[in-house]
Amino acid sequence: MTPVRKALSWWAGLAAEVDDWHALCLMTLFILVRYSSFGDQVQAAYACLLAVALLFRRVIDTQGFWFTVLLAVALPVANNWWAPGGHTFLLLYWICAVFLSFSARDPRGMLAVSGRYLIGTSFLFAALWKLISPEFTDGTALRYFMTTMIPIGVTTQLLTGLTQDQLQHNIQVITELLKQSSTVTVPLIKPPHIALTAEVFTRATQVTEVALSAVFLAPLAPHQVGWRDVALIFFFVSAYSVLPVPSFAVLLACIGFASASSSVTRSFFLLAFFL
């Protein structure tokens, strides 16, 4: 057995011994502490909740504790509902699922089903938004992102032909433009392969998100549920190697861990969470 296979086998065995429920609870609280954006005071409150869960592990098995967590997230969102990013709302829905799971006969099973529907509907709305947005469907959005943003401008350089100097020039031009109060246009450096690359990535994104929403929302036979794990793992490997978005990645890894159909795929999502 090669060292890589030994390492993978060791990790899969270790992940199989992890208490799913406690792991999910601690992962969720860590996401709150690390990736919520409601100011220092709210972040400190989330850190206290995580500390309580680590010191007094039994509290995470009580619905009262999760009601406190739910309020701690829902109140800042309600107070500034227009400001948080999309991952904050998905995190709020996930915490609602954790809280409501206590009302089920099988809390862990209900959490898995809730996670599946959250992933499915998230990708459904993402796919619909991209299909009805003209600036995305014609490739304009990705052409702009690939020429003016980091990290996607860096991760796609080999395909677009955009050099590091050209990317820095475009970023500087856009930065200066945003400082102006008048409406003007500025020229951006666009390499010859940018249109084709953006077109390919646009279609690949649409197909992937439609497929993910379909496979997670469709009622599959027991022997077919593994395709959900395969689809989500493919999304992780393909999407986050090009455009790593930590706030969404760790949350999807957590929910993917909850809804995974086998110990092997759970070990992948647990590893993805830490990476």
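The values are calculated or read from the model by the stated rules, or taken from the named source; none is laboratory data. All figures in this text were calculated on a predicted structure; none of them were measured in a lab. Note that we place each Cβ from the backbone using ideal geometry, even for glycine, and neighbour counts take in every protein chain shown. The protein model used for the area step is the full one, side chains on, heavy atoms only, and it has no ligands, DNA or RNA in it. Shrake-Rupley method; radii C 1.70, N 1.55, O 1.52, S 1.80 Å.
Among the residues of the stretch 152-164, write down those that are surrounded by fewer than 17 Cβ atoms within 10 Å (Cβ to Cβ) and more than 12 Å from Lys190 (Cα to Cα).
Val154, Thr155, Leu158, Gln164
Can you tell me which condition Tyr240 does not meet? The list is (1) surrounded by fewer than 16 Cβ atoms within 10 Å (Cβ to Cβ); (2) under 23 Å from Leu24 (Cβ atoms), and all the others hold.
Evaluating Tyr240 over (1) surrounded by fewer than 16 Cβ atoms within 10 Å (Cβ to Cβ); (2) under 23 Å from Leu24 (Cβ atoms) leaves (1) as the failure.
Does Phe236 satisfy being in contact with a Gly (Cβ under 6 Å, 6 or more places away or on another chain) and either under 23 Å from Ser9 (Cβ atoms) or among the charged types (D, E, K, R) (or both)? First the steps, then the outcome.
Working: in contact with a Gly (Cβ under 6 Å, 6 or more places away or on another chain): no; either under 23 Å from Ser9 (Cβ atoms) or among the charged types (D, E, K, R) (or both): yes.
Answer is no for this residue.
Taking into account only those residues within the stretch 121-147 that are aliphatic (A, V, I, L, M) and open to solvent by 80 Å² or more (accessible area, probe 1.4 Å), which is nearest to Phe216 (Cα to Cα)?
First, pick out the residues of the stretch 121-147 that are aliphatic (A, V, I, L, M): 124, 126-128, 131-132, 141-142, 146.
This time we only want the ones that are open to solvent by 80 Å² or more (accessible area, probe 1.4 Å), so: 128, 131-132.
Values: Leu128: 15, Leu131: 19, Ile132: 22 Å.
Among those residues, the one meeting the criterion is Leu128.
Condition check ((1) outside any helix (DSSP H, G or I); (2) closer than 26 Å to Trp11 by Cα; (3) of a type in the set (S, T, N, Q); (4) at pLDDT 95 or above) across all residues:
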site: Glu199; (1), (2), (3), (4): no, no, no, no
site: Thr202; (1), (2), (3), (4): no, no, yes, no
site: Val230; (1), (2), (3), (4): no, yes, no, no
site: Val250; (1), (2), (3), (4): no, yes, no, no
site: Arg266; (1), (2), (3), (4): no, yes, no, no
site: Leu271; (1), (2), (3), (4): no, yes, no, no
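Wholly within the stretch 1-117, which helices (runs of 4 or more DSSP H) include no fewer than the required count, namely at least 3 residues that are surrounded by fewer than 16 Cβ atoms within 10 Å (Cβ to Cβ) and either in contact (Cβ under 8 Å) with a residue 40 or more places away in the chain or among the basic types (Lys, Arg) (or both)?
Hits in the stretch 1-117: 3-17.
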